[in-house]
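A short write-up of the structure that comes next.
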Amino acid sequence: MVNDNIRLIEDEESKRKLAEMYSLFYRETEADGDFCLDDKEAIDTMVSSIGNSQNKWGYFVDNSRGDPVGFILCHRYTNAASSYIKPGDVEIESFVERGERGKGLGKLLKNAATDSIAEMAKGPARVLSFVESTNETNLAVLRKTGFSEIKGSGYTGDPGRMYSIYARDID
Ligand SMILES: CC(C)(COP(=O)(O)OP(=O)(O)OC[C@H]1O[C@@H](n2cnc3c(N)ncnc32)[C@H](O)[C@@H]1OP(=O)(O)O)[C@@H](O)C(=O)NCCC(=O)NCCS
């Protein structure tokens, strides 16, 4: 493991905590989304999808008290899900609680994910991140961590919203 603060999300309690944190992430990044803490079905789906297949896994980053304050989730595509996504591509979603941002925790999570992706791919792989075009912070973080936009990849998951897809190749 790259750092003592990083741990794989595997037990049920961790997954439940992840579901809560994912709701915060979703509310922040998908302002019109309807995934929320009291949506039990959505939470159960989230909880059960992590770690149950080789293609979906994640890590927590803990603060100094050992409490999780951020996560990264990895989703490896087995099919060409769209014209931008190739089989073997891994999409990442990352989140750090507001009060803990800017301390390098997001970078620790990305490094952990990148290591695991490289290990799993046993060769070159491509990491993808979908970001809303107005999310200046995440755009800055992605550029600083070696991602670049896939040209022409404007993706409209929700009407009226524009997403860019950023990619980074790893060896
Ligand atoms: C994206 C996010 C996970 C980053 O977490 P973080 O712990 O603040 O990131 P770090 O402190 O590790 O910073 C990583 C790099 O980005 C830079 N960075 C961080 N915040 C920044 C900002 N607001 N503007 C510009 N650069 C920034 C850091 O300086 C660092 O680069 P450096 O090592 O060259 O100095 C966090 O901002 C977040 O949870 N955002 C909301 C959810 C989201 O948008 N997730 C991504 C969509 S999948």
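Laboratory data are not the source of any read-out in this text; all were calculated from the coordinates shown. All values derive from a computational prediction rather than experimental measurement. Quick reminder, even Gly has a Cβ in these numbers, built from the backbone with ideal geometry, and neighbours come from all protein chains shown.
Under the criterion of Cα pairs below 8 Å and six or more residues apart, the relative contact order for region 6-170 equals 16 percent.
Using 0.36 nm per residue and subtracting the Cα-Cα separation, the extra length available between S133 and D67 on full extension is 20.6 nm.
Is region 58-130 rounded, prolate or oblate when judged by the Cα gyration tensor, a ≥ b ≥ c being the square roots of its eigenvalues, rounded requiring a/c under 1.5 and prolate requiring a/b larger than b/c?
On the way: a/c = 2.94, a/b = 2.07, b/c = 1.42.
Prolate, since a/c reaches 1.5 and a/b exceeds b/c.
For S94, S48, S116, the sequence from fewest to most other C-beta atoms within 10 Å is S48, S116, S94.
Shape of the chain from its Cα gyration tensor (a ≥ b ≥ c, root eigenvalues): rounded if a/c is under 1.5, otherwise prolate when a/b > b/c, or oblate?
Details: a/c = 1.30, a/b = 1.13, b/c = 1.15.
In terms of gyration-tensor shape, rounded.
What you get for the chain, charging only the Cβ of Lys and Arg (+1) and of Asp and Glu (-1), is a dipole of about 680 debye around the Cα centre.
Tell me the mean residue ellipticity at 222 nm calculated for the chain from its helices only (DSSP H runs of n ≥ 4, each -39500 (n - 2.57), averaged over every residue, nearest 500).
Working: 4 runs with 54 residues, N = 171.
Result for the chain: -10000 deg cm²/dmol, rounded to the nearest 500.
If R0 is 22 Å, the Cβ-Cβ spacing of K40 and E100 corresponds to a FRET efficiency of close to 0.20. Amide H contacts of M162 (H built 1.01 Å from N, in plane; Pro and chain starts excluded): S133 sit under 5 Å, all sequence-distant by 5 or more or on other chains. Treating cross-link reach as a plain straight distance, find the lysines whose alpha-carbon is under 17 Å from the alpha-carbon of K110, omitting any fewer than eight places away in the same chain. The qualifying lysines are K56, K144. Protection proxy ranking for 87-93, 49-55, using the average of other Cβ atoms within 10 Å per residue and placing the highest first: 87-93, 49-55.
What pairs from K86/K151; K17/K122; K103/K151 go past 27 Å between their alpha carbons? Mind showing how you got there, number by number?
Working: K86/K151 15 Å; K17/K122 31 Å; K103/K151 31 Å.
Checking Cα-Cα distances, K17/K122; K103/K151 exceed 27 Å.
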